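**Q** Input: one structure, supplied below.
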Amino acid sequence: MRVMAQMGMVMNLDKCIGCHTCSVTCKQTWTNRSGLEYAWFNNVETRPGLGYPRAHEDQERWRGGWELDRRGRLRLRSGGRVRRMLRIFSNPNLPSIRDYYEPWTYDYDTLVSAPAGDTSPVARPISQIDGRPMKIEWSANWDDDLGGTYEQSPADPLLKEISDKVRLDYENAFMFHLPRICEHCLNPSCVASCPSGAMYKRVEDGIVLVDQDRCRGWRMCVSGCPYKKVYFNHKTGKAEKCTFCYPRIEVGLPTVCAETCVGRLRYIGLFLYDADRVLAAASVPDPTDLLEAQRSLLLDPSDPAVTAAARSAGVPEDWIDAAGRSPVYQLACHYRVALPLHPEYRTMPMVWYIPPLSPVVDALAGSGHDGEDASNLFAAIQTLRIPSEYLAQLFSAGDTEPVDRTLKKLAAMRAHMRQVNLGEETDPSIAASVGMSTSEIEALYRLLAIAKYEDRYVIPAAHVEQARALDELPGCSVVP
């Protein structure tokens, strides 16, 4: 067992209101400069929708992430070293500016310099690439609040899988918001794809970064990332990506997107994982087994054997203590309500999500039932407005069982806390029906609903005195 530390994040989608504050503050901090006008290290997508860049989840087209070859060995979807080198000057699997969007500003000078007239002047959109007037046809969240979904939905890779169970008529439409950042994977395919070795995964906290001095602009990392969270700066000729705000993390502060989140839906903390088992976990044949394979990598920080191995591996004592108080470990492994984004890509993503429990109380009440009764809520899980089949395409490789289990826990928490808040006698069978105790249900409620700042962000500061001893991993956890 080789214990390593990994910084991780959990987002509670039940609390995301799609305000894009996280996107704007990240933009102002990291990509508010020439060459990265189109880049959003953090973006919030409306689902269903094509996302950003357009249809980025269609790996048959983009060839991102990992797959198993005929012998059951893990290899990049984009091919081995020889194949990638043959295409190094002509990579067909890159999103174009049309798949992102042509960034624009407005001709504001017209508003102040136009002569007096009978009509108000109009500020026309101007391209930030060539400075010419342009027509706006796409953006980082063109699907916002289901805008254009009816016309665009045939191209949605997820809806293709469950189109017979999804209605997009106005009265039956469903919608939720999905914030996305770089996943800072345990087995990053972007790192393995980079010919120059510029992409690397930090030993001390697992954050994936780009060495700007070594980057040669081959853009294989853009193709290799299945989440399309690596961007090419066309001014500098270098790749850039989400840095997990490492200057803030190193002094114990949360990322900018988490700090400014209006809904307080983000949690940041440490995972301890067994680096020796990453290859085996990423290579399980059945994609629906990847979720549990990834969970099996994450070690229990309260286990004496794990803490002893962590000390032997050089993990600082305060980091081990922080891992024991980590909210992300609690949500992903103890309560098991957080799920990774697209585990079928086999990158072992370390940004996890709590799927949304879509509105059901009013629908039940309208049919003459008690919308807060636990038995009614459990029965309604299969008929939620947001189909569990759609959520399973996002978070569990199409397997609805983990999603249903999570939603039932959230429903049980809602029903139990209703009894508590109304001063009624609590029913222990509600918690027992989802394999939890009443104390666990209430602890989960405190963490998800009323957790304080220091409970949501358990971030140990970096040890500067160890900086000289730190070294980069040779490529990634799995060498293709």
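The values are calculated or read from the model by the stated rules, or taken from the named source; none is laboratory data. Worth saying up front: this structure is predicted, and the values here are computed from it rather than measured. Counting neighbours? That spans all protein chains shown, and the Cβs are built from the backbone with ideal geometry, glycine included. Just so you know, the surface numbers come from the protein's heavy atoms only, side chains and all, with ligands and any DNA or RNA stripped out. Shrake-Rupley method; radii C 1.70, N 1.55, O 1.52, S 1.80 Å.
**Q** Of everything in region 331-350 that's assigned to a loop (DSSP other than H, G, I, E, B) and farther than 20 Å from T400 by Cβ, which residue is nearest to the chain's Cα centre (by Cα)? Walk me through how you get there before you give the answer.
**A** Of region 331-350, the ones assigned to a loop (DSSP other than H, G, I, E, B) are 335-338, 341-342, 346-350.
With the extra rule that they be farther than 20 Å from T400 by Cβ, the set shrinks to 346-348, 350.
Values: R346: 14, T347: 12, M348: 11, M350: 8 Å.
Of everything passing the filter in region 331-350, M350 is nearest to the chain's Cα centre (by Cα).
**Q** Which residue, of A309, A282, is within 22 Å of D399 (Cα to Cα) and not aromatic (F, W, Y)?
**A** Values: A309 fails: within 22 Å of D399 (Cα to Cα).
So the residue among A309, A282 that is within 22 Å of D399 (Cα to Cα) and not aromatic (F, W, Y) is A282.
**Q** L50 - would you say it is over 26 Å from S283 (Cα atoms), surrounded by 15 or more Cβ atoms within 10 Å (Cβ to Cβ) and either of a type in the set (A, V, I, L, M) or touching a Cys at 6+ places or on another chain (Cβ under 7 Å) (or both)? Full working, then the answer.
**A** Working: over 26 Å from S283 (Cα atoms): yes; surrounded by 15 or more Cβ atoms within 10 Å (Cβ to Cβ): yes; either of a type in the set (A, V, I, L, M) or touching a Cys at 6+ places or on another chain (Cβ under 7 Å) (or both): yes.
Judged against the criteria, L50 is a match.
**Q** May I pose another question? Exactly one of (1) open to solvent by 50 Å² or more (accessible area, probe 1.4 Å); (2) touching a residue at least 24 places away in the same chain (Cβ under 8 Å); (3) within 21 Å of D205 (Cα to Cα) is unmet by E344. Its number?
**A** Result: E344 fails condition (3) only.
**Q** Please determine whether any residue of region 451-470 is open to solvent by 50 Å² or more (accessible area, probe 1.4 Å), at pLDDT 95 or above and not in a helix (DSSP H, G or I).
**A** Yes, region 451-470 has at least one match.
**Q** Can you name the strands (runs of 3 or more DSSP E) wholly within region 63-128 that have at least 2 residues being touching a residue at least 24 places away in the same chain (Cβ under 8 Å)? Break it down stepwise before answering.
**A** Working: elements: 66-68, 74-76, 104-106, 125-127.
Filter on region 63-128 gives 66-68, 74-76.
**Q** Output the residues belonging to region 280-302 that are touching an Asp or Glu at 6+ places or on another chain (Cβ under 7 Å), open to solvent by 10 Å² or more (accessible area, probe 1.4 Å) and of a type outside the set (S, T, Y). Lay out the reasoning, then the answer.
**A** The first filter runs over region 280-302 and keeps only residues touching an Asp or Glu at 6+ places or on another chain (Cβ under 7 Å), leaving 287-288, 290, 297, 299.
Within this subset, residues satisfying the condition of being open to solvent by 10 Å² or more (accessible area, probe 1.4 Å) are 287-288, 299.
Within region 280-302, P287, L299 qualify.
**Q** So, one more: Would you point out which residue out of L94, L68 is at pLDDT 95 or above and open to solvent by 30 Å² or more (accessible area, probe 1.4 Å)? I'd like the intermediate steps shown before the answer.
**A** Details: L94 fails: at pLDDT 95 or above.
None of the others qualify; the one that does is L68.
**Q** Go through the residues of region 198-205 one by one and say whether even a single one is at pLDDT 90 or above, surrounded by 19 or more Cβ atoms within 10 Å (Cβ to Cβ), touching a Leu at 6+ places or on another chain (Cβ under 6 Å) and not in a strand (DSSP E or B).
**A** Yes: one or more hits.
**Q** Still on this structure: Among the residues of region 27-63, write down those that are more than 30 Å from A173 (Cα to Cα) and either of a type in the set (D, E, K, R) or touching a helix residue (DSSP H, G or I) at 6+ places or on another chain (Cβ under 9 Å) (or both).
**A** Narrowing region 27-63 to residues more than 30 Å from A173 (Cα to Cα): 27-37, 63.
Hits for region 27-63 are K27, Q28, T29, W30, R33, L36, E37, R63.
**Q** Collect the residues in region 1-17 that are open to solvent by less than 10 Å² (accessible area, probe 1.4 Å) and either part of a helix (DSSP H, G or I) or at positive phi (or both), keeping them in residue-number order.
**A** L13
**Q** Looking at this structure, is V315 touching a residue at least 12 places away in the same chain (Cβ under 8 Å) and open to solvent by 60 Å² or more (accessible area, probe 1.4 Å)? Step through it out loud before you land on a result.
**A** Working: touching a residue at least 12 places away in the same chain (Cβ under 8 Å): yes; open to solvent by 60 Å² or more (accessible area, probe 1.4 Å): no.
The answer is no for V315.
**Q** Right, another one. Say whether the condition of being surrounded by fewer than 23 Cβ atoms within 10 Å (Cβ to Cβ), at pLDDT 85 or above and under 26 Å from the mean Cα position of the chain (by Cα) is met by at least one residue in region 162-176.
**A** So far as region 162-176 goes, yes, one or more of its residues are surrounded by fewer than 23 Cβ atoms within 10 Å (Cβ to Cβ), at pLDDT 85 or above and under 26 Å from the mean Cα position of the chain (by Cα).
**Q** Can you tell me how many residues within region 97-110 are of a type outside the set (F, W, Y), open to solvent by less than 80 Å² (accessible area, probe 1.4 Å) and more than 18 Å from K228 (Cα to Cα)?
**A** Residues flagged as of a type outside the set (F, W, Y), open to solvent by less than 80 Å² (accessible area, probe 1.4 Å) and more than 18 Å from K228 (Cα to Cα) within region 97-110 amount to 3.
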